[in-house]
Amino acid sequence: MRYGHFDEKNREYVITNPDTPEPWTNYLGTRAYGGIITNNAAGYSYVESGYTGRILRWHFNAVASAQPGRYIYLRDRKSGDYWSASWLPVRKPLDRCTYECRHGTGYSVISSRYDNIATATAYFVPLECRHEVWACTVSNAGSTPRSLSLFTYAELTNHDHAAQDLGNLQYSLFISRTYGKENFILQSINEYQSEQGAVSIQGGGNVAGPGIYRFVGLSGAPIAGFDGSREAFLGANRDYSRPIAVERGHCGNSGNYTMNSAGSMQVDLELEPGASRTIVVTLGPGGEETARAAVARYNDPAAAAKELAELKSYWHSRLGRFSVKTPDPHLIPMVNTWNSWQCRMTFMVSRSVSLVYTSERNGYAYRDTVQDLQGILHFEPELVPERLRTMLAGQLSSGGALPCVRFDMTPGRLLPEERAPKYRCDDTLWLFPAVSSYVKETGDTAFLDTVVPYADKGEDTVYGHLVRALRFSLVRLGRHRLVLGLEADWNDCIRLGEKGESVFASFQLHLGLMLTAELAELKGKDADAAWMRHDAKKLAANLQKHAWEGEQFVRAFSGVDGTVVGSAQNPEGSTFLNPQAWAVISGVVSQEQGRKAMDTVYQNLSTDYGIMLCHPGFRKYGLPVMRAILFPVGIKENAGVFCHPQGWAILAEGMLGRGERAWEYYNDCNPARMNDTAEVRGSEPYVYSQFTEGRESPYHGRSHNPWLTGTATTMMYGVVQGILGIQPTLTGLRIDPSIPAAWNGFTVERQFRGHKLRITVRNPDHVEHGVARLTVNGEAVAGCEVPVAKMAAECEVEVVMGG
């Protein structure tokens, strides 16, 4: 069933049927102030942290109709009939009304039409601001005058700490109160901590210290009434679909005292036929002065329209730094807009703000965040150095890393539990492709000499941090001289014990050695490069000797019970995806051996909805080694289609020159391809999910945990580097596509180190791989790399594929 469509011109996904299988969401704002919003205006907001800075309330795992949100209600004062400007929460019959939600880059616009009244509400956070805006235009589309009342509703948390707000009710219910103040409602939390007296603190927000203050303001019309209490607005024994204030037609002018704080304001409107009226709601942290300034800012509603236009222009120009045109229509909106936007949001909040993650980690998960960096390199490389420095500062002087780098972590001031962390063997292994990719994208070789502290003690250059990470792994090798698995190796559901070895992580270390050797040579450290390449050669030999079974690589060697995990001889989990794809990515295998390993993946793991992480699923072999058995078969790490590694498989097939296979894998897990069968997938058809249920599940194809997943990044570089073949190098831009033979070619426009490149790829012989000719501004260039030295400010690049 189709619920919406892509609007490529406006970079929007348009939801025309609000009764979606699940809430389909979008992100607003930044880390400083942001939030998440559904297609029916539910969701929450936060200041700086989705866990310790929560402003709007959200009930995890509640049914959609029981959620609070950014709601606007309308009531006809003559008939008493009422509805909401989003389909939820009132939920009028869809044969009597229409609703549309346009999710865009940092904003969502929800439109409605019911009983000849049309509304359009834009939700966004203006650039460089710490407040959100709901700009609602109400229009009389009928032929008679209308008398309407409009009610806003925002449910404020009583405590900025999400768990305290929802769980510690013997405390949190008694610390918050609200006041009606002119055209805004002021909320105070622990107000008597203020040395300046009650409600006198100015600005502030969700920070430690005296009193916390938030406001909900309204511009564009005088307020006819307000309710600062959830209980007063909803009434007893009611829900969000039928608030007593809306049903009776007026707010009670009551503040909150020892219950649940909220922000509801009533506006009465008289609309002649064809007339419109715009009101603007603002919400954010701050006291009276901040609230008055926000209300005054939008007394002319055109200010909100101007800020929304600026927001769109800002993001569209940034996303425009990389754009593609291909014969397949499902790829274009994903690469040009939605995959990039998802990468940006994942980079921004890591795994801390969604309708799935409850945000308890309150920081940057190490392995996740370092991978996420690569997803924005093609359009926002300037943001990467700061985040890389943050993550490098989360590395300990041992060379290992803190599993999570707190948002407020200060090097040298660790919490007691951080001083002796349980190391995961893969955390710092992701640093090598991240740093290498940044240097290759930007040419910023000076970054390698940037001095960054360690989390516990001392400091080193970025290059020194990489060397320390290599040595951390090289002194932690097991009996096969492969990398010890430690606490985990990306797959948290495999626990190998103190002496267990990870084949997957060993491939990662091999790649790390080779990439760092490149950087060492760049810096003139030839002796370093020599030992790195020597150790890489030894590691590759050990992998070939101990982990290759003739058609595939095993996954790991358990140090708990001696099991060879992922062996073809095993009745369960006899093939794993990751070691096969990484055998190719790491450069350990020949083309012939890589094809054998990836053919095993195709034969044993491929499905119509993506590649299963392993197969068959685990029903007997479980704890203490295989924690995946805790899931039913076909779910997550137990033979589910774990989407994160899909991009690695696409990249591996691209490196093998098998464009048809790479494209098949991409199509299988591209959410846009399932736009017309969205009821199968369930989650949004414009973003990737963490996992899809595998072949052994009765709901094969259903996807879960959208948005905040490493899938966003791996699919981006899987498509861009593996299929389109656009690969930055230290000296230029390599263009070596692996595409379906049916394609006539494709075009790419991208910025690279201050140059604008227009790349046209032609495929006259309809091959899957191979470059016959390359020209740069009409000049023939040998090979398939465009050297930086030959790049003008604007470059026309033509690539002709062939044998």
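Please indicate, with yes or no, whether at least one residue in segment 729-745 is more than 22 Å from residue 334 (Cα to Cα), within 28 Å of the chain's Cα centre (by Cα), surrounded by fewer than 19 Cβ atoms within 10 Å (Cβ to Cβ) and of a type in the set (Lys, Arg). Within segment 729-745 (the criterion being more than 22 Å from residue 334 (Cα to Cα), within 28 Å of the chain's Cα centre (by Cα), surrounded by fewer than 19 Cβ atoms within 10 Å (Cβ to Cβ) and of a type in the set (Lys, Arg)), the answer is yes, since at least one residue qualifies. Scanning segment 406-432 for residues that are crowded, with 23+ Cβ neighbours inside 10 Å and aliphatic (A, V, I, L, M) yields 429, 431.
Can you list the helices (runs of 4 or more DSSP H) lying wholly within segment 239-353 that have 2 or more residues being farther than 30 Å from residue 388 by Cα?
Numbers: elements: 244-248, 288-297, 302-319, 339-349.
Fully inside segment 239-353 and qualifying: 244-248, 288-297, 302-319.
Checked against the criterion of being modelled with pLDDT of 95 or more, surrounded by fewer than 18 Cβ atoms within 10 Å (Cβ to Cβ), more than 17 Å from residue 625 (Cβ to Cβ) and outside the structural domain of residue 638 (by TED's automatic domain parsing), the candidates 515, 543, 509, 522 yield just one match: 522.
Criterion first (within 22 Å of residue 263 (Cβ to Cβ), surrounded by 19 or more Cβ atoms within 10 Å (Cβ to Cβ) and without any contact (Cβ under 8 Å) to a residue 60 or more places away in the chain) does residue 108 satisfy it? Taking the combined requirement at face value, the residue does not satisfy it.
Just to check your reading of the model, which residue among 629, 723 is without any contact (Cβ under 8 Å) to a residue 40 or more places away in the chain and touching a strand residue (DSSP E or B) at 6+ places or on another chain (Cβ under 7 Å)?
Details: 723 fails: without any contact (Cβ under 8 Å) to a residue 40 or more places away in the chain.
Matching residue, one of 629, 723: 629.
Residue 392 meets the conditions (1) surrounded by fewer than 23 Cβ atoms within 10 Å (Cβ to Cβ); (2) in contact with a helix residue (DSSP H, G or I) (Cβ under 7 Å, 6 or more places away or on another chain) in every case but one. The failed one is (1). In the set 83, 87, only one residue is closer than 22 Å to residue 230 by Cα, of a type in the set (Phe, Trp, Tyr), touching a Phe, Trp or Tyr at 6+ places or on another chain (Cβ under 9 Å) and without any contact (Cβ under 8 Å) to a residue 40 or more places away in the chain; that residue is 83.
Go through (1) without any contact (Cβ under 8 Å) to a residue 40 or more places away in the chain; (2) touching a Ser or Thr at 6+ places or on another chain (Cβ under 9 Å) and name the single condition residue 244 misses. It fails just one condition, (2).
When restricted to residues that are over 16 Å from residue 520 (Cα atoms) and either in contact with a helix residue (DSSP H, G or I) (Cβ under 9 Å, 6 or more places away or on another chain) or modelled with pLDDT of 95 or more (or both), segment 421-454 contains 14.
Are any residues in segment 473-517 of a type in the set (A, V, I, L, M, F, W, C) and assigned to a helix (DSSP H, G or I), and if so, which ones?
Of all residues in segment 473-517, those of a type in the set (A, V, I, L, M, F, W, C) come to 474-475, 477, 482-484, 486, 488, 490, 493-494, 496, 503-505, 507, 509, 511, 513-515, 517.
Scanning segment 473-517 gives 474, 503, 504, 505, 507, 509, 511, 513, 514, 515, 517.
Within segment 284-330, being under 30 Å from residue 759 (Cβ atoms) and of a type in the set (A, V, I, L, M) holds for 311, 319, 324.
In segment 114-154, the qualifying residues are those that are of a type in the set (D, E, K, R) and in contact with a Phe, Trp or Tyr (Cβ under 8 Å, 6 or more places away or on another chain), and the one that is nearest to residue 36 (Cα to Cα) is 132.
Here's the yes/no breakdown for (1) more than 30 Å from residue 61 (Cβ to Cβ); (2) part of a strand (DSSP E or B):
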{"residue": "712", "(1), (2)": "no, no"}
{"residue": "721", "(1), (2)": "yes, no"}
{"residue": "733", "(1), (2)": "yes, yes"}
{"residue": "747", "(1), (2)": "yes, yes"}
{"residue": "750", "(1), (2)": "yes, yes"}
{"residue": "761", "(1), (2)": "yes, yes"}
{"residue": "767", "(1), (2)": "yes, no"}
{"residue": "773", "(1), (2)": "yes, yes"}
{"residue": "796", "(1), (2)": "yes, yes"}
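Just a yes or no: is a residue in segment 684-699 more than 23 Å from residue 610 (Cβ to Cβ), polar (S, T, N, Q) and in a loop (DSSP other than H, G, I, E, B)? Step through it out loud before you land on a result.
Within segment 684-699, the subset more than 23 Å from residue 610 (Cβ to Cβ) is none.
Scanning segment 684-699, I find no residue that is more than 23 Å from residue 610 (Cβ to Cβ), polar (S, T, N, Q) and in a loop (DSSP other than H, G, I, E, B), so the answer is no.
Kindly indicate whether residue 619 is surrounded by fewer than 22 Cβ atoms within 10 Å (Cβ to Cβ), in contact with an Asp or Glu (Cβ under 8 Å, 6 or more places away or on another chain) and not polar (S, T, N, Q). Against the criterion (surrounded by fewer than 22 Cβ atoms within 10 Å (Cβ to Cβ), in contact with an Asp or Glu (Cβ under 8 Å, 6 or more places away or on another chain) and not polar (S, T, N, Q)), residue 619 qualifies.
Residue 54 falls short on exactly one of the conditions (1) surrounded by fewer than 18 Cβ atoms within 10 Å (Cβ to Cβ); (2) within 20 Å of the chain's Cα centre (by Cα); (3) within 21 Å of residue 166 (Cβ to Cβ); (4) not small (Gly, Ala, Ser), and that condition is (1). Counting only strands (runs of 3 or more DSSP E) that sit completely within segment 1-86, zero hold 2 or more residues that are under 20 Å from residue 361 (Cβ atoms) and in contact with a Cys (Cβ under 8 Å, 6 or more places away or on another chain). In the set 221, 232, 236, only one residue is in the same structural domain as residue 89 (by TED's automatic domain parsing), closer than 20 Å to residue 284 by Cα and either out of contact with any helix residue (DSSP H, G or I) (no Cβ under 6 Å at 6 or more places or on another chain) or surrounded by fewer than 24 Cβ atoms within 10 Å (Cβ to Cβ) (or both); that residue is 221.
Has segment 384-399 got at least one residue that is without any contact (Cβ under 8 Å) to a residue 40 or more places away in the chain and in contact with a Lys or Arg (Cβ under 9 Å, 6 or more places away or on another chain)? Before the answer, list the steps.
Applying the first criterion (without any contact (Cβ under 8 Å) to a residue 40 or more places away in the chain) to segment 384-399 yields 386, 390.
After this cut, where a residue has to be in contact with a Lys or Arg (Cβ under 9 Å, 6 or more places away or on another chain) as well, the list is none.
Within segment 384-399, not a single residue is without any contact (Cβ under 8 Å) to a residue 40 or more places away in the chain and in contact with a Lys or Arg (Cβ under 9 Å, 6 or more places away or on another chain).
Checking each residue in segment 400-423 for being assigned to a loop (DSSP other than H, G, I, E, B) and β-branched (Val, Ile, Thr) picks out no residue at all.
Taking residue 662 as the residue in question, decide whether it is within 20 Å of residue 709 (Cβ to Cβ) and not in a loop (DSSP other than H, G, I, E, B). The answer is no for residue 662. Of the candidates 180, 142, the single residue that is out of contact with any Ser or Thr (no Cβ under 9 Å at 6 or more places or on another chain), of a type outside the set (A, V, I, L, M, F, W, C) and modelled with pLDDT of 95 or more is 142. Residues that are touching a helix residue (DSSP H, G or I) at 6+ places or on another chain (Cβ under 6 Å) and polar (S, T, N, Q) were ranked within segment 689-720; the one that is farthest from residue 322 (Cα to Cα) is 703. If the condition is being within 20 Å of residue 629 (Cα to Cα) and surrounded by fewer than 24 Cβ atoms within 10 Å (Cβ to Cβ), then segment 566-595 contributes 567, 568, 569, 570, 571, 572, 574. The set of residues in segment 91-101 being outside any strand (DSSP E or B) and either among the charged types (D, E, K, R) or under 30 Å from residue 53 (Cβ atoms) (or both) consists of 91, 92, 95, 96.
Could you go through segment 114-136 and let me know if any residue there is closer than 22 Å to residue 359 by Cβ, of a type in the set (Val, Ile, Thr) and touching a residue at least 12 places away in the same chain (Cβ under 8 Å). Yes, the conditions are met somewhere in segment 114-136.
The values are calculated or read from the model by the stated rules, or taken from the named source; none is laboratory data. Only a predicted model underlies this, so the values are computations on that prediction, with no experimental measurement involved. Positions of Cβ are generated from backbone atoms using ideal geometry, with glycine treated the same way; all protein chains shown enter the neighbour counts.
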